[in-house]
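To start, the structure itself, in structure tokens.
The values are calculated or read from the model by the stated rules, or taken from the named source; none is laboratory data. In this text the structure is predicted, and so the values were computed from the model without any measurement. Here the Cβ positions follow ideal geometry from the backbone for every residue, glycine too, while neighbour counts run over all protein chains shown. For the accessible areas, the whole protein counts, side chains as well, though only heavy atoms, and no ligand, DNA or RNA atoms are used. Shrake-Rupley method; radii C 1.70, N 1.55, O 1.52, S 1.80 Å.
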Amino acid sequence: MGRRNRRNRKRDRLPAVQRTPEEEEARRKAREQAAWESGYAEIIKENKLFEQYYQELKIVPEGEWEQFMSAMREPLPATIRITGYKSHAKEILHCLKEKYFKELQNIEVDGQKIEAPQPLHWYPDELAWHTNLSRKIIRKSPELEKFHQFLISETESGNISRQEAVSMIPPILLNVQPHHKILDMCAAPGSKTKQLIEMLHADMDIPFPEGFVIANDVDNKRCYLLVHQAKRLNSPCVMVVNHDASSIPRLLVENNGAREVLFYDRILCDVPCSGDGTMRKNIDVWKKWTTLNSLQLHGLQIRIATRGVEQLAEGGRMVYSTCSLNPIEDEAVIASLLEKSEGSLELADASSELPGLKWMPGVTHWKVMTKEGHWFDRWEDVPTSRHTQIRPTMFPRDEMKMKEMNLHRCLRILPHHQNTGGFFVAVLIKKAPMPWNRRQPKALRRAPAAVPDVAVVADVPEDVTEIASEPAVETNDAGKEGTKPAGCVETDSAKQDRVCGPPPSKKMKLFGFKEDPFVFLTVDDPVFPPIQKFYALDPSFPQQNLLTRTQEGKKKQLYMVSKELRNVLLHNSEKMKVINTGIKVLCRNNDGEQYGCAYRLAQEGIYTIYPFIKSRVVMVSVEDIKVLLTQENPFLSKFSSETQKQTKELVMGSIILKYEPDSQKPDTLQCSIVLCGWRGKTSIRSFVPKNERMHYLRMMGVEVFKNQETTEKASAEPERQQETEEMDVSFLKEEEELSGDLLPDNIDGSDGKEDDASACTDKSTANGTSSEHH
């Protein structure tokens, strides 16, 4: 007994294993898979209360109920979306159609011919496709395995997203333009956020669009999944924050020397819901479904939507969406919002904005049912004992009001119409300030002094005044957690450097990770002049947008944000819990100092910084690119004579390798490529993550699988060159570690976050606002 107790005490003293969100997600999926393989009984896809409820509400057209239920019991087809803003989206589409999809047409598994993927006809430019391929079928065919590996690699490179079809609808209906300021209120894990970023960067020739995306989520851990998703698109115009969406703080920005409240041009309000539209993939909903979920979520959904329209600019557009078919979570919330707006909001007719999409109009009559199956037609019929569970806003208004609201303009997507999940979406236009905000908040009673071009984040002055009649939903999130609001670091050094402070320190187990501060480079920072000289940066380069995440010691990484996001960061550190922002553009390489610059270029930020670089750019051919991507450290003699000539004029250090397409040769790659490289003494090396290498090789027609053995042999070549090649070994190791971080983190072709089977119910029960269920 004593020995056992000692063992137990020793075990209890062992430190808890801390895993990243990605590792936790992979472990969860592995446990689920093991459970199924060990013989868990299959969930019966029946729920009498569900059928009784929706048959009574008549949300399905007459004569289509059996089709509806049959579709709900069928597995959901997998859908993929090609990242649309990148210049090589057409090349990826061409590769899919002409190579992989054609190969699938001739494959048979267990005597059945594989159904070829089909485009979603309502999605623009054929950039979204659906397929009925299951994991079981994929594992049985080597040809399908090749297609599977292609999807994994391209997903990790940010070129393809696995995303449910109906989840793609809200960002399209937002009609985003590059100059729009966008708020994604309930963003994690981030598939819709990625769509918004793509739209922001519609013109890839503009490194810093005027607009930005602020992606929020209440769950700290899911915020890091959101960061993982957003970083694949390498945008300097994204900020991930951690707040309760129903009380997300109102932000300030500087405009012409005065501070004013930030209002968003576009807001995505994809709220937590009961998720009965996801039954085709989230089979747990079949046994867990009850009307109580909708009754409990209705109030939270109204509060989130209300906070959204408060922060929407006049003339702006907000899309409200759920993956629920329940009117209590859908039309009832919209009706409540329109009623309290007193004409400030209008329900837009978006029926013509997605030609090819089949949808049903919003319902105007519905009833409320308790979890025991009791029905109520009117609020007046609800007994007092039920008033805490059932609210007046859950019922339809009188016939005249319902007609004025135009609820038929809401879009209901039913699963059997186009083989999708169930979904609800409504588009709201703000015509005037909300009634309780008729007088716009005063920005400042007096204009502050001009903000210096240093890493300054001043506390909001006491004379910043907002309307006192703000609704009760505005609360101090930090106060709820028993911590002080995040603010500027008021140490002596911080008063000089004026650092944008991190969120308050919290215990990781309870409140999430402690974030480092955001420190903007000052105009006289000694780090910058060598960088500017070495790369011949254009005078228009926005140095003030560079930041680091450390206050002391050497700056290891330099990140970049857009001017507009810098403005937001500088004036809101005391109220915002920022998880991540900016894109890495430069990395410290100490050995580079002897060649003139201690910082090398980073591949993930190359498209942001490249337009400003006037030196150390080497134009290369397709054959040169193939050599760079298939060999680890090739000698200069392996490149074209023109490339050798350009390279010999450069001193050792970081370089840019650029390929420009030749329109006279349509059979060659027709999109430009920009790569980070290193000019060594006798060789050139590219610093590109593995999946990105594979992507570019595929676009050039190189069969990656056939060349894998050749690539591995070529990668051993640097070992034979060690005696002649002078390179920074620590630099190479660092790059390998960085590349390793980008390898696929699960084996099913999804990103490990997009198809979280319990996303809907988990976040709603936690009062969460992480609403990406798709």
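General observations
- Complete set of residues in the range 556-583 that are over 24 Å from Pro249 (Cβ atoms) and surrounded by fewer than 21 Cβ atoms within 10 Å (Cβ to Cβ): Lys556, Gln557
- Count of residues meeting criterion [within 20 Å of Lys563 (Cα to Cα), out of contact with any Cys (no Cβ under 6 Å at 6 or more places or on another chain) and not basic (Lys, Arg)] in the range 228-249: 9
- Any hit, the range 632-650, residues being touching a residue at least 24 places away in the same chain (Cβ under 8 Å) and small (Gly, Ala, Ser): no
- Residues that are more than 34 Å from the chain's Cα centre (by Cα) and hydrophobic (A, V, I, L, M, F, W, C), drawn from the range 636-677: Leu636, Phe639, Leu650, Val651, Met652
- Filter result (under 22 Å from the mean Cα position of the chain (by Cα) and either charged (D, E, K, R) or under 21 Å from Val218 (Cα atoms) (or both)) within the range 275-307: Gly275, Lys281, Gln301, Ile304, Ala305, Arg307
- Strands (runs of 3 or more DSSP E) lying entirely in the range 202-316 (those with 1 or more residues that are open to solvent by less than 20 Å² (accessible area, probe 1.4 Å), under 16 Å from Ser191 (Cα atoms) and at pLDDT 95 or above): 212-216, 238-241, 264-270
- Filtered residues of the range 653-667 (kept if at pLDDT 80 or above and among the acidic types (Asp, Glu)): Glu660, Asp662
- From the list Cys597, Cys587, the lone residue that is touching a residue at least 60 places away in the same chain (Cβ under 8 Å), buried (at least 19 other Cβ atoms within 10 Å of the Cβ), part of a loop (DSSP other than H, G, I, E, B) and in contact with a strand residue (DSSP E or B) (Cβ under 8 Å, 6 or more places away or on another chain) is Cys597.
- Any hit, the range 102-121, residues being open to solvent by 70 Å² or more (accessible area, probe 1.4 Å), modelled with pLDDT of 80 or more, under 18 Å from Arg81 (Cβ atoms) and over 21 Å from the mean Cα position of the chain (by Cα): yes
- Yes/no for Lys403 being assigned to a loop (DSSP other than H, G, I, E, B) and among the basic types (Lys, Arg): no
- Residues satisfying the stated conditions in the range 147-197, i.e. of a type in the set (S, T, N, Q), closer than 29 Å to Val309 by Cα and under 15 Å from the mean Cα position of the chain (by Cα): Gln163, Ser167, Ser191, Thr193, Gln195
- Count of the range 77-125 residues which are polar (S, T, N, Q) and touching a residue at least 12 places away in the same chain (Cβ under 8 Å): 4
- Residue list for the range 43-73, restricted to those being in a loop (DSSP other than H, G, I, E, B), of a type in the set (D, E, K, R) and surrounded by fewer than 13 Cβ atoms within 10 Å (Cβ to Cβ): Glu46, Lys58, Glu62
- If you go through the range 408-425 and keep only what is in a helix (DSSP H, G or I) and surrounded by fewer than 24 Cβ atoms within 10 Å (Cβ to Cβ), you end up with His408, Arg409, His416, His417, Gln418.
- Filtering the range 136-145 for residues that are under 17 Å from the mean Cα position of the chain (by Cα) and either in a helix (DSSP H, G or I) or of a type in the set (S, T, N, Q) (or both) leaves an empty set.
- Meets criteria (touching a Leu at 6+ places or on another chain (Cβ under 9 Å), open to solvent by less than 10 Å² (accessible area, probe 1.4 Å) and modelled with pLDDT under 95) for Ala350: yes
- In the condition set (1) at pLDDT 90 or above; (2) surrounded by 14 or more Cβ atoms within 10 Å (Cβ to Cβ); (3) of a type in the set (Ser, Thr, Tyr); (4) in a helix (DSSP H, G or I), Thr79 is compliant with all but (4).
- Residue selected from the range 543-555 under the condition open to solvent by 20 Å² or more (accessible area, probe 1.4 Å) and in contact with a helix residue (DSSP H, G or I) (Cβ under 9 Å, 6 or more places away or on another chain), by the criterion nearest to Arg616 (Cα to Cα): Gln543
- Selection within the range 526-542: residues that are surrounded by 18 or more Cβ atoms within 10 Å (Cβ to Cβ) and of a type outside the set (A, V, I, L, M). The member of this set that is nearest to Tyr595 (Cα to Cα) is Phe534.
- Tally of residues being buried (at least 24 other Cβ atoms within 10 Å of the Cβ), β-branched (Val, Ile, Thr) and outside any helix (DSSP H, G or I) across the range 170-193: 1
- Those residues of the range 376-390 which are open to solvent by 70 Å² or more (accessible area, probe 1.4 Å) and either part of a loop (DSSP other than H, G, I, E, B) or of a type in the set (A, V, I, L, M) (or both), in sequence order: Asp377, Arg378, Thr388
- Test for Thr370: is it over 24 Å from Ser167 (Cα atoms), among the hydroxyl-bearing types (Ser, Thr, Tyr), at pLDDT 95 or above and open to solvent by less than 70 Å² (accessible area, probe 1.4 Å): no
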